[in-house]
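**Q** Take this structure, written in structure tokens, and hold onto it; I'll ask about it next.
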Amino acid sequence: MASPVEKTYSDRQKAPSDTTRVSWLERVRYYLPTALIFVAVLLLWEGLVRGLDIKQFILPAPSAILDAFMGSLAQMVNLGIYTGTEALGGFIIGCALGIGVSLATSRWTTARETLLPLAIAANSVPIIAFAPVMNNWFGVSNQFSKMAIVAVITFFPMMINMTRGLTLVDPSALELMRSYAVSEWKTLREVRIPNSLPYMFNAFKVCSTLALIGAVVGEFFGGTRDALGVYITQEAAQFRFQNSWAAIIIACILGIGFYLLIVALERLVIPWHASVRKTEE
Amino acid sequence: MSVVSISSVNKVFGKAPNQTIALQDINLAIEPGEFISLIGPSGCGKSTLLRIIGDLISPSNGVVLVNGKPAPQARENREYGIVFQAPVLFDWRTVEKNVQLPLEIMGQTPSERAARANEMLELVELTGFQKHYPYQLSGGMQQRVSIARALSFNPPLLLMDEPFGALDEITRERLNAELLAIWARTQTTIVFVTHSIPEAVFLSTRVVVMSARPGRITEIIPIDLPQPRDMATRELPRFYALVTQVREALRGGESAKG
Ligand SMILES: Nc1ncnc2c1ncn2[C@@H]1O[C@H](COP(=O)(O)OP(=O)(O)OP(=O)(O)O)[C@@H](O)[C@H]1O
Ligand SMILES: [Mg+2]
């Protein structure tokens, strides 16, 4: 079957999976370079800030950021939960609508061929510019206004990818189903939907990043002080940059966590696909 | 009554200036229990003819009857199984689930399906690979799974498009013998596309020789080798004579008539 055209994930060799018999040593060897580089960058950062005496409002040292982070851990967690809820809620709405629309149009070629160019066009405009409008429609302090932004941003990539997955099917597979004289519905269930799953997970990965960007940037345009984006801007306005940076750490953790969740789900749902396969060396 | 009856079938692809006449004036009647091979140069319309018999595409004109019914109706009744040039397995199904696909569609119970799938996999010597995914199999193994899938529901007519094209000579000969055994046991009628002359001669009751541009039937050669056939059949002088005859028919040689 056709494989997804958009490869958003890294093409780097896969991490050794836990089910194949690999020693912990191999795992350490696999992740060690990444960890070393991460630590090296932090050390360099710390060294440069101290050595060149860089002002903290330009760039705080990692140690200062960590202090700020640990100093207000409870608040940080709350910020994360508040904005994470917005991102996740909008993600679910946007992706559900995207999947729904592409499923609904998959049977009607004309509907699909009318909608798809529109979706591709819409997907290439900076939808985030609608954030103030959404804030206005649903109320700045209402979490739903951010969910609406996220939903609009994630809808288009989801719909486009899903439609590709449902339509870019091996013609012979369709002929095989035709030889069994099955209904369109059955073909959808047995061929098109399974074929679309790798595309769907690709879209999930893209959308998870977009969802967080949408939520945080939406909050830049206004919201309550529980919101990550609001907190970042307000602390920055008062020159408490180490607090802004601490909040950015939360945003990073959210983003990585979201992504890893999707990867885990992908391994569970499509173990047969090339992006997840367990290779035996 | 013929299993397949093709009268005055033409197939044209594309519109006026860029037309391809894939098939021209095809007439062929295939009787119950026959093993028919279609042989001819690449692009002469063998796959197209097979797909017309299976009602996967419609002829531009002409009539195709399968078991006395129009081809679309025979398809609706699931009266044939098909093996494509490529294995066409579903990546998301394990080997056994791929073989069970038609049985599932036809509403067999899980235990019936599993038993039948195991039987078919044993036949194509893939026992032990039930739980594997297609990507874990070699190309030839994948093709054997697709043969098992086509045989699984005992169709009265089997359409096979170069099923052994991707296999090594030894495996190919073994599967040829296997296929003949299945054919003899199930009394299935088989229409078989191949590029291999010895394969066509070894397997068939008749070899249909086609030519390209436009795709036509140039000659139908009856294969009068004794049944059942085995490895020794390939050593018979008559076998070599028939191989030569088919080869010359393919070249368009008139001497083939003898
Ligand atoms: N869907 C299609 N649209 C247009 N032309 C087609 C289509 N399918 C087949 N053809 C044309 O019809 C002719 C016969 O094709 P076909 O696939 O039947 O050949 P074949 O005998 O099976 O060849 P091969 O041995 O290479 O598989 C070719 O010239 C091909 O270009
Ligand atoms: Mg062909």
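**Q** If you check A:129, A:203, which single one turns out to be hydrophobic (A, V, I, L, M, F, W, C) and free of Cβ contacts under 8 Å to residues at least 40 places away in the same chain? Steps first, answer last, please.
**A** Working: A:203 fails: free of Cβ contacts under 8 Å to residues at least 40 places away in the same chain.
Only one candidate qualifies: A:129.
**Q** Provide a single number: the residues in segment A:161-188 that are outside any loop (DSSP other than H, G, I, E, B) and away from every other protein chain (no Cβ under 13 Å). Break it down stepwise before answering.
**A** Just the residues of segment A:161-188 that are outside any loop (DSSP other than H, G, I, E, B), to begin with: A:161-167, A:171-179, A:184-188.
Now drop any that are not away from every other protein chain (no Cβ under 13 Å), which leaves A:161-164, A:166-167, A:184, A:188.
So the count comes out to 8.
**Q** Could I ask something else about it? From the list A:188, A:261, A:265, pick out the single residue that is of a type outside the set (S, T, N, Q), without any contact (Cβ under 8 Å) to a residue 60 or more places away in the chain and under 30 Å from residue A:163 (Cβ atoms).
**A** On the way: A:188 fails: without any contact (Cβ under 8 Å) to a residue 60 or more places away in the chain; A:265 fails: without any contact (Cβ under 8 Å) to a residue 60 or more places away in the chain.
Of the residues listed, the single one that is of a type outside the set (S, T, N, Q), without any contact (Cβ under 8 Å) to a residue 60 or more places away in the chain and under 30 Å from residue A:163 (Cβ atoms) is A:261.
A quick yes/no check of all residues on (1) under 30 Å from residue A:199 (Cα atoms); (2) among the aliphatic types (A, V, I, L, M); (3) open to solvent by less than 60 Å² (accessible area, probe 1.4 Å):
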| position | (1), (2), (3) |
| --- | --- |
| A:26 | no, no, no |
| A:41 | no, yes, no |
| A:102 | yes, no, yes |
| A:117 | yes, no, no |
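**Q** Residue under question is residue B:209, and the condition is that it be more than 14 Å from chain A (Cβ to nearest Cβ) and more than 14 Å from ligand 1 (Cβ to nearest atom); does it hold? Can you show your working first?
**A** On the way: more than 14 Å from chain A (Cβ to nearest Cβ): yes; more than 14 Å from ligand 1 (Cβ to nearest atom): no.
It is false that residue B:209 is more than 14 Å from chain A (Cβ to nearest Cβ) and more than 14 Å from ligand 1 (Cβ to nearest atom).
**Q** For residue B:62, all conditions in the list (1) within 12 Å of chain A (Cβ to nearest Cβ); (2) within 18 Å of residue B:191 (Cβ to Cβ) hold save one; what is the number of the exception?
**A** (1)
**Q** Residue check, residue A:225 against (1) outside any loop (DSSP other than H, G, I, E, B); (2) more than 14 Å from chain B (Cβ to nearest Cβ); (3) over 23 Å from residue A:130 (Cβ atoms), all met but one. Which one?
**A** Going through (1) outside any loop (DSSP other than H, G, I, E, B); (2) more than 14 Å from chain B (Cβ to nearest Cβ); (3) over 23 Å from residue A:130 (Cβ atoms) one by one, residue A:225 breaks only (1).
Residues checked against (1) within 16 Å of ligand 1 (Cβ to nearest atom); (2) of a type outside the set (D, E, K, R); (3) touching a residue at least 60 places away in the same chain (Cβ under 8 Å); (4) not assigned by TED's automatic domain parsing to the domain that holds residue B:129:
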position: B:9; (1), (2), (3), (4): yes, yes, no, yes
position: B:32; (1), (2), (3), (4): no, yes, yes, yes
position: B:36; (1), (2), (3), (4): yes, yes, yes, yes
position: B:109; (1), (2), (3), (4): no, yes, no, no
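**Q** Give me the pairs: first residue in segment A:26-38 and without any contact (Cβ under 8 Å) to a residue 12 or more places away in the chain, second residue open to solvent by less than 80 Å² (accessible area, probe 1.4 Å), beta-carbon distance under 8 Å, and six or more apart or on different chains, which are they?
**A** Hits for this filter: A:26/A:16.
**Q** Also: For segment B:38-55, enumerate the residues that are within 14 Å of another protein chain (Cβ to nearest Cβ), more than 27 Å from residue B:225 (Cβ to Cβ) and either touching a residue at least 24 places away in the same chain (Cβ under 8 Å) or away from ligand 1 (no atom under 12 Å from the Cβ) (or both).
**A** As a first pass, look at segment B:38-55 and keep what is within 14 Å of another protein chain (Cβ to nearest Cβ): B:47-48, B:50-55.
After this cut, where a residue has to be more than 27 Å from residue B:225 (Cβ to Cβ) as well, the list is B:48, B:51-52, B:54-55.
Across segment B:38-55, the qualifying residues are B:48, B:52, B:54, B:55.
**Q** Now for a different question. Take the conditions at pLDDT below 90, of a type in the set (Gly, Ala, Ser) and surrounded by 11 or more Cβ atoms within 10 Å (Cβ to Cβ) and apply them to residue A:131. Does it pass? If you could, list the steps in order and put the result at the bottom.
**A** Values: at pLDDT below 90: yes; of a type in the set (Gly, Ala, Ser): yes; surrounded by 11 or more Cβ atoms within 10 Å (Cβ to Cβ): yes.
So residue A:131 passes the test.
**Q** Output the number of the condition that residue A:50 fails; it satisfies all remaining conditions of (1) open to solvent by 80 Å² or more (accessible area, probe 1.4 Å); (2) at pLDDT below 85; (3) under 28 Å from residue A:233 (Cβ atoms).
**A** Only one criterion in (1) open to solvent by 80 Å² or more (accessible area, probe 1.4 Å); (2) at pLDDT below 85; (3) under 28 Å from residue A:233 (Cβ atoms) is unmet by residue A:50, namely (2).
**Q** Need the failing condition index for residue B:15 against (1) of a type in the set (Lys, Arg); (2) buried (at least 21 other Cβ atoms within 10 Å of the Cβ); (3) more than 7 Å from ligand 1 (Cβ to nearest atom), just the number.
**A** Residue B:15 satisfies every listed condition except (2).
**Q** Which of the numbered conditions does residue A:84 fail, given that it passes all the others? Conditions: (1) assigned to a helix (DSSP H, G or I); (2) over 21 Å from residue A:234 (Cα atoms); (3) within 21 Å of the chain's Cα centre (by Cα).
**A** Status for residue A:84: all satisfied but (2).
**Q** Taking segment B:90-149, which residues are within 11 Å of chain A (Cβ to nearest Cβ) and charged (D, E, K, R)? Don't jump to the end; show me each part of the working.
**A** First pass over segment B:90-149, keeping only residues within 11 Å of chain A (Cβ to nearest Cβ): B:90-94, B:97-98, B:101-106, B:132-136, B:146, B:149.
Answer for segment B:90-149, where residues must be within 11 Å of chain A (Cβ to nearest Cβ) and charged (D, E, K, R): B:91, B:93, B:97, B:104, B:149.
**Q** Shifting gears a bit: Scanning segment A:208-217 for residues that are out of contact with any Lys or Arg (no Cβ under 6 Å at 6 or more places or on another chain) and closer than 9 Å to residue A:150 by Cα, which turns out surrounded by the fewest Cβ atoms within 10 Å (Cβ to Cβ)? If you could, list the steps in order and put the result at the bottom.
**A** We begin by selecting, within segment A:208-217, every residue out of contact with any Lys or Arg (no Cβ under 6 Å at 6 or more places or on another chain); these are A:208-214, A:216-217.
Okay, now just the ones that are also closer than 9 Å to residue A:150 by Cα, so A:210-214.
On the way: A:210: 23, A:211: 31, A:212: 25, A:213: 17, A:214: 30.
Checked segment A:208-217; the qualifying residue surrounded by the fewest Cβ atoms within 10 Å (Cβ to Cβ) is A:213.
**Q** Of these, A:201, A:220, which one is of a type in the set (A, V, I, L, M, F, W, C), away from chain B (no Cβ under 11 Å), within 27 Å of residue A:261 (Cβ to Cβ) and open to solvent by less than 10 Å² (accessible area, probe 1.4 Å)?
**A** On the way: A:220 fails: open to solvent by less than 10 Å² (accessible area, probe 1.4 Å).
Every option except A:201 fails the conditions.
**Q** Checking residue B:155 against (1) outside any helix (DSSP H, G or I); (2) away from chain A (no Cβ under 14 Å); (3) buried (at least 18 other Cβ atoms within 10 Å of the Cβ), which test does it fail?
**A** The one condition residue B:155 does not meet is (2).
**Q** Restricting to segment A:223-255, what's the tally of residues that are open to solvent by less than 40 Å² (accessible area, probe 1.4 Å) and among the aromatic types (Phe, Trp, Tyr)?
**A** Qualifying residue count for the region: 1.
**Q** May I pose another question? Any idea which residue in segment B:168-196 is nearest to the other protein chains (Cβ to nearest Cβ), counting only those that are open to solvent by 20 Å² or more (accessible area, probe 1.4 Å) and within 16 Å of ligand 1 (Cβ to nearest atom)?
**A** B:195
**Q** Please verify whether residue B:62 is more than 15 Å from ligand 1 (Cβ to nearest atom) and farther than 25 Å from residue A:171 by Cβ, treating the condition exactly as stated.
**A** On the way: more than 15 Å from ligand 1 (Cβ to nearest atom): yes; farther than 25 Å from residue A:171 by Cβ: no.
When the stated conditions are applied, residue B:62 does not pass them.
**Q** Look at segment B:6-37 and say how many of its residues are over 29 Å from residue B:225 (Cα atoms) and acidic (Asp, Glu).
**A** Applying the first criterion (over 29 Å from residue B:225 (Cα atoms)) to segment B:6-37 yields B:8-25.
If we keep only those that are acidic (Asp, Glu) as well, we get B:25.
Residues meeting the conditions: 1.
**Q** Residues that are within 16 Å of ligand 2 (Cβ to nearest atom) and either loosely packed, with under 15 Cβ neighbours inside 10 Å or not basic (Lys, Arg) (or both), at least 2 per element: which helices (runs of 4 or more DSSP H) completely within segment B:21-129 meet that?
**A** Details: elements: B:46-53, B:71-76, B:95-105, B:110-123.
Counting at least 2 such residues, we get B:46-53.
**Q** For segment B:65-83, what are the residues that are at the interface with another protein chain (Cβ under 8 Å from one of its Cβ atoms) and on the phi < 0 side of the Ramachandran plot?
**A** Narrowing segment B:65-83 to residues at the interface with another protein chain (Cβ under 8 Å from one of its Cβ atoms): B:75-78, B:80-82.
Correct list: B:75, B:76, B:77, B:80, B:81, B:82.
**Q** Show me the helices (runs of 4 or more DSSP H) entirely contained within segment B:169-253 in which 1 or more residues are free of Cβ contacts under 8 Å to residues at least 60 places away in the same chain and of a type in the set (Asp, Glu). Walk me through how you get there before you give the answer.
**A** Working: elements: B:169-186, B:197-203, B:237-251.
Counting at least 1 such residues, we get B:169-186, B:237-251.
The values are calculated or read from the model by the stated rules, or taken from the named source; none is laboratory data. As the structure is a computational prediction, the values presented were derived from the model and not from experiment. Note that we place each Cβ from the backbone using ideal geometry, even for glycine, and neighbour counts take in every protein chain shown. What goes into the accessible areas is simple: the full protein's heavy atoms, side chains included, and nothing from ligands, DNA or RNA. Shrake-Rupley method; radii C 1.70, N 1.55, O 1.52, S 1.80 Å.
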